[in-house]
1. Any of Lys114/Lys150; Lys102/Lys245; Lys114/Lys266; Lys102/Lys150; Lys140/Lys245; Lys175/Lys266 with alpha carbons more than 26 Å apart? Name them for me.
2. Using R₀ = 41 Å, calculate the FRET efficiency as 1/(1 + (r/R₀)^6) where r is the Cβ-Cβ separation of Thr237 and Lys265; round to 0.05.
3. Pull up all non-local amide H partners of Ile285: gap of 5 or more, or a different chain, and H-to-H distance under 5 Å with H placed in the peptide plane.
4. Arrange the following residues from fewest to most other Cβ atoms within 10 Å of their Cβ: Leu96, Leu130.
5. Under 5 Å between amide hydrogens, which residues at least 5 positions from Phe299 or on another chain qualify, with H placed 1.01 Å from N in the peptide plane?
6. Separation between the Ile99 and Ala209 pseudo-spin-labels, each 7 Å from Cα along Cα→Cβ, expressed in nm?
7. When the Karplus curve 6.51 cos²θ - 1.76 cosθ + 1.60 is applied with θ = phi - 60°, which whole-Hz ³J(HN,Hα) does each residue of region 228-243 get, with x for Gly and Pro?
8. How would Met69, Met211 line up from fewest to most surrounding beta-carbon atoms within 10 angstrom?
Amino acid sequence: MASGGFHGGSSHSGGFHSSGGGGFHSGGFSGGGFSGGSHYSSGGHYSGGGGGDGSGLILLFVWGPLLIMFYASCEAEVYLGLNYLNILIFWISGILFYIAGKQYERTAVIEDVKRDCNHRILGYVWHGSLPSFLKNTDQKTWAGEYCDYKIVFYDKEYGEHNARMVGELIQRTPKIIWAPYQIWVVIGILSFIVTLFFYEAVIPFFENAIMSDVAFEFFDNLVFYFPSIICGLSAITSLVIVAIKDSLLYECAVRIVHDNMAAQKKLRTETQIANKMSEKWYYNICPNCGANGGYTNRFCHSCGSSLEVNEFNGSISGFHRITEYGEKANKEQANKEK
């Protein structure tokens with residue numbers, strides 16, 4: 001029958017059983033131990049957590065080496081479901097969680113957009129620095145190069161439109177991309193907690209199963225490292241999602257900038273036209289054929305004559321129409337008849 005790499009015996013026996021105290025003989029992993037022949041000895045209980053946050057940055061970078069030193073001082077190859085390798089995996093995962101958490105801060109306001117994107121939101125999302133060619137703009141919503149962007153939701157003119165655009169992006173993309181960062185941290189922490197008892201609870205099923213030595217060795221390692229693998233994958237996934245989210249928001253920022261620039265251009269054009277039109281007066285009734293002219297008509301729709309008043313003395317403060325002929329209109333009509 002198969003024997004695990006760290007636990008001798010005539011039947012299936014897991015190679016990562018923790019020492020409960022006293023000596024423990026290691027049979028060697030595939031003939032030689034995981035880290036050479038060694039024995040177990042009891043040691044103090046260690047209580048740790050997964051993942052890290054900004055306030056515990058120093059602790060995050062030292063707790064892994066400290067735990068490894070603790071194991072070395074106890075001469076423990078496996079203790080409480082941990083060994084050097086999965087301690088290292090959990091430690092690296094904590095660093096990745098910290099990096100991802102700092103990146104998620106840039107897009108934290110997305111949670112408000114998800115709840116309600118139809119009202120003004122006090123916040124913005126961003127990545128990178130303001131490009132040099134945009135420094136003369138309003139420095140609000142912009143899209144640069146290499147996925148550098150900024151989308152402002154507090155702007156009085158375009159904030160609500162920007163939020164709706166991002167809300168539509170969230171609706172048409174996979175929801176996992178916009179899941180709160182804390183979900184991945186919770187998975188990492190639970191993985192660390194579970195690893196303290198997972199191996200001892202699961203490996204007996206495989207020890208009692210009929211299988212080859214090679215198959216048992218595979219499941220022996222898989223069961224032992226499974227929680228740390230889940231933690232590592234969660235940390236990596238959180239970082240990958242940051243990159244995907246930035247890419248999607250950048251493309252959204254490009255569209256928003258184009259929309260806002262088009263709206264600004266339209267507003268400037270309308271203002272210019274209004275200013276130009278305000279310098280002129282127009283007849284409401286065609287002085288040539290007497291047809292009624294619409295408010296926006298500059299030429300008679302009936303005869304094609306211009307409705308513009310050629311001469312008018314008086315203050316001009318806006319777009320005007322003369323609603324009646326008056327003396328001036330009658331005079332111009334009489335002159336044309338001559």
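Only the coordinates and a few stated rules stand behind these numbers; no lab work does. This is a predicted model, so every value here is computed, not measured. Glycine also receives a Cβ, built like all others from the backbone with ideal geometry; neighbour counts cover every protein chain displayed.
1. In this structure, Lys114/Lys266; Lys175/Lys266 lie more than 26 Å apart at Cα.
2. Approximately 0.45, to the nearest 0.05.
3. Those qualifying (amide H under 5 Å, at least 5 residues apart or on another chain) are Gly293.
4. Leu130, Leu96
5. Here Leu307 satisfy the definition.
6. About 3.5 nm, to one decimal.
7. The phi angles translate into 5, 5, 4, 4, x, 5, 5, 5, 5, 4, 4, 6, 4, 5, 4, 5 Hz.
8. Listing Met69, Met211 from fewest to most nearby Cβ atoms yields Met69, Met211.
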